[in-house]
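Q: What follows is a structure written as structure tokens; I'll ask about it next.
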Amino acid sequence: MEIIILPTPAEVGRVAAAKIASIVADKPTAVIGLATGSSPQGIYQDLQRRIAAGEISFAQARGFALDEYVGIPLDHPESYASVIARDVVGPLGFDASRVRVPDGRATDIEFAAKEYDAAIRAAGGIDVQILGIGANGHIGFNEPTSSFASRTRIKTLAPSTREANARFFDSLDQVPTHCMTQGLGTILEARQLVLVAQGSTKAAAVAAAVEGPLSSFVPGSALQLHQHATVVVDEAAAADLQLGDYYRYTYEHKPEWQRFE
Ligand code: GLP
């Protein structure tokens with residue numbers, strides 16, 4: 001795992017975006033795993049800058065969202081289908097027909113979940129999966145005790161996740177209780193993972209995921225099983241890391257040929 005500690009949230013967005021951009025530059029038809037939430041917003045903003053500069057284009061790329069709420073209409077402004085359309089598809093110039101979000105409204109949720117995993121496989125697999133992390137260590141909506149082997153499926157949101165996401169809704173009551181999320185096993189099949197975290201509220205989760213024992217109690221620790229995971233955090237989110245100085249030293253001494261920015 002590569003851990004990159006940067007001074008500011010803006011730098012986190014810039015460096016994580018450089019990683020995504022290098023993949024799309026090499027392979028314009030790349031399949032991108034798209035995350036919602038506040039954490040990846042800096043990535044999307046920096047990618048827009050690169051698009052405007054003519055460095056990259058997502059016109060031929062494909063996208064698969066990580067997760068979706070179950071129990072709110074498709075056109076609800078906070079459905080992840082709406083959020084992905086508003087924050088990612090439009091601004092990055094994806095072809096909307098090449099971007100999918102799990103169908104949280106399906107009458108047969110189990111079938112829809114299996115079909116989603118099958119569609120990812122049929123697209124050739126995800127080249128790079130963008131991830132944030134919840135304060136309780138969740139990735140996607142894989143709450144604590146999610147199996148490392150889990151596939152896309154319905155999950156019950158942890159009360160703390162509902163509270164954290166209440167800021168996007170008028171009241172806590174309106175936050176759905178369930179979701180459909182790519183499983184940890186699904187996420188681990190992506191060729192590369194890029195997890196970003198900013199701010200002190202993520203410090204404990206980042207340390208547990210990166211340096212703690214492999215445990216389904218901390219779903220983010222699944223990244224330790226991946227061959228090519230990059231974790232990009234600001235100083236506040238890095239505060240609980242025991243080997244912070246080593247990660248800074250490693251990044252400073254990274255061989256030129258390994259650099260992606
Ligand atoms: C959300 C999403 C995750 C996200 C996490 C952190 O509920 N389902 O994909 O990474 O929780 O959210 P944020 O980035 O807003 O802190």
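Q: Using the Kyte-Doolittle scale, find the helices of the chain whose mean hydropathy is at least 0.0 and whose Cα atoms extend 20 Å or more along the helix's long axis, counting only whole DSSP H runs.
A: Span-like helices in the chain: 9-26.
Q: Further, regarding this structure: Number of Lys pairs in the chain with C-alpha atoms less than 25 angstrom apart, excluding same-chain neighbours closer than eight positions?
A: Summing the qualifying lysine pairs gives 6.
Q: Using Cα pairs under 8 angstrom and six or more residues apart, how large is the relative contact order of the stretch 4-141, in percent?
A: Contact order relative to length: 29 percent.
Q: Calculate the FRET efficiency for TYR251 and GLU189 from the Cβ-Cβ distance with a Förster distance of 22 Å, rounded to the nearest 0.05. Walk me through the intermediate numbers first.
A: Values: r = 27 Å, r/R0 = 1.22.
Plugging the Cβ-Cβ distance into 1/(1 + (r/R0)^6) gives 0.25.
Q: Can you compute 3J(HN,Hα) from phi for each residue in the stretch 65-81, using the Karplus curve 6.51 cos²θ - 1.76 cosθ + 1.60 with θ = phi - 60°, rounded to whole Hz and x for Gly and Pro?
A: Values per residue, Gly and Pro as x: 6, 6, 7, 7, 6, 10, x, 10, x, 3, 8, 4, x, 9, 5, 5, 4 Hz.
Q: Sticking with this one: Which Cα, out of ALA17, VAL210, TYR116, lies furthest along the positive dipole direction of the chain (beta carbon charges, K/R +1, D/E -1)?
A: TYR116
Q: What does the helix-only formula give at 222 nm for the chain: each DSSP H stretch with n ≥ 4 adding -39500 (n - 2.57), the total divided by the residues, and the result rounded to the nearest 500 deg cm²/dmol?
A: The per-residue figure over the chain is -9000 deg cm²/dmol.
Q: Taking the DSSP beta bridges in the chain as the whole, what percent of them are antiparallel, to the nearest 5? All intermediate terms of the calculation are to be shown ahead of the outcome.
A: Working: 9 of 31 bridges.
Bridges in the chain that DSSP calls antiparallel: roughly 30 percent.
Q: Restricting attention to the stretch 1-79, which GluC sites (Glu not before Pro) occupy a DSSP loop and are surrounded by at most 14 other Cβ atoms within 10 Å?
A: GLU55
Q: While we're looking at this one, here's another question. What is the gain in length, in nm to one decimal, between THR8 and SER171 on full extension, counting 0.36 nm per residue of separation less the C-alpha to C-alpha distance?
A: The THR8-SER171 span can extend by a further 55.6 nm.
Q: If you don't mind, another one. Applying 1/(1 + (r/R0)^6) with R0 = 22 Å to the Cβ-Cβ distance of ASP95 and GLU55, what FRET efficiency is obtained, to the nearest 0.05?
A: The pair ASP95/GLU55 has a calculated efficiency of 0.70.
Here, each number is a calculation from the coordinates, and none is a lab measurement. Quick caveat, the model's predicted, so the values are computed rather than measured. Note that each Cβ is placed from the backbone with ideal geometry, even for glycine, and that neighbours are counted across all protein chains shown.
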